[in-house]
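Presented below is the structure to which this report refers.
The values are calculated or read from the model by the stated rules, or taken from the named source; none is laboratory data. In this text the structure is predicted, and so the values were computed from the model without any measurement. As a convention, Cβ positions derive from the backbone with ideal geometry for all residues, glycine included, and neighbour counts pool all protein chains shown. Heavy atoms of the whole protein, side chains included, go into the accessibility calculation; ligands, DNA and RNA do not. Shrake-Rupley method; radii C 1.70, N 1.55, O 1.52, S 1.80 Å.
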Amino acid sequence: MAVLHRALFTWFNMLIFLILLVLRLDQKISWNWFLVFVPMYLYDNILLIYIVFNMISHCKNGRINNLQREIWYMMAVILKLCAQILICLKLEAPHWSLPAKAVLAPFWLLLPILAVEVFIHLIHQSRY
């Protein structure tokens, strides 16, 4: 799939998610929060499938050194997916009284690691 198609699919998915989110927050619809997050779950699952296929192609071609980056991408998507599920659980079942620290823990793990990854990538790119 071309980069343009991937970007358009990402923007379209985000648009649908934001429309559903605004409708739910304005109480125009009373859907389950898990239904509101379906576009995000769909996008994350497609992204995970794409990463798995990239990992398989790297293994077939013998490029095992790039496999570490693919595993990192997979862990980042899984952490994002876990955070989305925890947010939905917090919003859908308030009687469970999940603390905000527990709900946002995957994001708090992901954000510093992403910042370090971007910083290392920028330094590595500036050398060449």
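Being basic (K, R) and loosely packed, with under 10 Cβ neighbours inside 10 Å is a property that does not hold for K90.
Flag: M75 does not match the condition of being at pLDDT below 95, assigned to a loop (DSSP other than H, G, I, E, B) and either exposed (fewer than 15 other Cβ atoms within 10 Å of the Cβ) or touching a Lys or Arg at 6+ places or on another chain (Cβ under 7 Å) (or both). For L122, indicate whether it is of a type outside the set (K, R) and open to solvent by less than 90 Å² (accessible area, probe 1.4 Å). No: the conditions fail for L122.
The residue that is nearest to the chain's Cα centre (by Cα), among those in segment 50-82 that are of a type in the set (F, W, Y) and closer than 17 Å to L109 by Cα, is Y73. Total residues in segment 69-117 satisfying the condition of being under 18 Å from N45 (Cα atoms) and among the hydroxyl-bearing types (S, T, Y): the figure is 1. Listed by first and then second residue, the pairs with beta-carbon distance under 7 Å, at least 6 apart or on different chains, first residue in segment 31-53 and farther than 15 Å from L79 by Cα and of a type in the set (V, I, T), second assigned to a helix (DSSP H, G or I) and open to solvent by 20 Å² or more (accessible area, probe 1.4 Å), are V36/L20; V36/L21; V36/R24.
A count restricted to segment 88-112 and to residues that are closer than 21 Å to W72 by Cα and in contact (Cβ under 8 Å) with a residue 24 or more places away in the chain stands at 4.
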